[in-house]
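J.: Okay, here's the structure, questions in a sec.
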Amino acid sequence: VSQSRYNVCGGGGGGGVLQGSVAVIPGFYQVKVGAGGLDPQVGNATSMNGGNSSVFGIEAVGGGGGSQGFNAAPNGTTITPGLPGGSGGGGGGTYGNGWPNNPGGAGIEGQGFKGGNGINNASTSTRAGGGGGGGGQAGSNASNYNGGKGGNGKLSSITGVDTYYGGGGGLVRR
């Protein structure tokens with residue numbers, strides 16, 4: 001049985017959310033929309049961050065990738081945190097007692113929040129990944145039986161309807 005069978009991923013962080021206004025004149029403007037992040041592959045510690053988005057020289061940073069909870073060292077001393085991003089990715093959960101928990105990645109101040117921490121444990125029912133950070137709130141840490149909730153996005157009514165943008169990914173129990 002490969003070690004990756006025992007890993008539980010952390011949630012992906014939401015992309016950075018910026019609010020404000022810019023005075024513009026009619027014309028053509030370049031808008032860049034970043035691609036979404038990619039899932040971790042077996043044997044890799046983390047997923048990839050989402051791409052950055054920009055307009056008018058203002059850049060929102062892509063969300064941080066969630067940790068797979070992969071412990072590279074045989075004794076389990078290596079931690080694999082969620083990646084930092086606009087909002088941070090959640091830390092994964094790994095098979096192993098006494099191993100350090102995988103922390104969530106940091107968010108960028110003014111754009112998003114930290115991902116939640118994962119829990120490492122040799123019991124299948126008690127290890128879980130942390131939720132990804134969101135544009136409006138941090139991701140929740142995993143509890144003994146549940147994956148962390150993804151952080152809420154940032155509330156905006158720019159379209160005339162209250163909508164949350166940049167929410168983090170949540171987890172379920174393995």
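The values are calculated or read from the model by the stated rules, or taken from the named source; none is laboratory data. All figures in this text were calculated on a predicted structure; none of them were measured in a lab. In this analysis, Cβ positions are derived from the backbone assuming ideal geometry, glycine residues included, and neighbour counts consider all displayed protein chains. In case anyone asks, the SASA skips ligands and DNA or RNA and just uses the protein heavy atoms, side chains included. Shrake-Rupley method; radii C 1.70, N 1.55, O 1.52, S 1.80 Å.
J.: Can you work out the FRET efficiency for the pair GLN30 and ASN144, with r the C-beta to C-beta distance and R0 = 35 Å, to the nearest 0.05?
T.: E(calc), rounded to 0.05, equals 0.10.
J.: Then there is this: Applying the Karplus parametrisation 6.51 cos²θ - 1.76 cosθ + 1.60 with θ = phi - 60° to the phi angles of the stretch 165-171, what ³J(HN,Hα) value in whole Hz is obtained for each residue in order, glycine and proline being reported as x?
T.: Each residue of the stretch 165-171 in turn: 10, x, x, x, x, x, 10 Hz.
J.: Which of the three applies to the stretch 83-159, rounded, prolate or oblate, going by the alpha-carbon gyration tensor with a ≥ b ≥ c and a/c under 1.5 meaning rounded? All intermediate terms of the calculation are to be shown ahead of the outcome.
T.: On the way: a/c = 4.52, a/b = 2.23, b/c = 2.03.
The shape class here is prolate.
J.: I'd like the accessible area for VAL61, computed on protein heavy atoms only with a 1.4 Å probe and all protein chains in place. Round to 10 Å², please.
T.: Its accessible surface works out to 40 Å², give or take rounding.
J.: Taking 0.36 nm per residue of separation and subtracting the Cα-Cα distance, what length does fully extending TYR164 through VAL55 add?
T.: Once the chain is fully extended between TYR164 and VAL55, it gains 37.2 nm.
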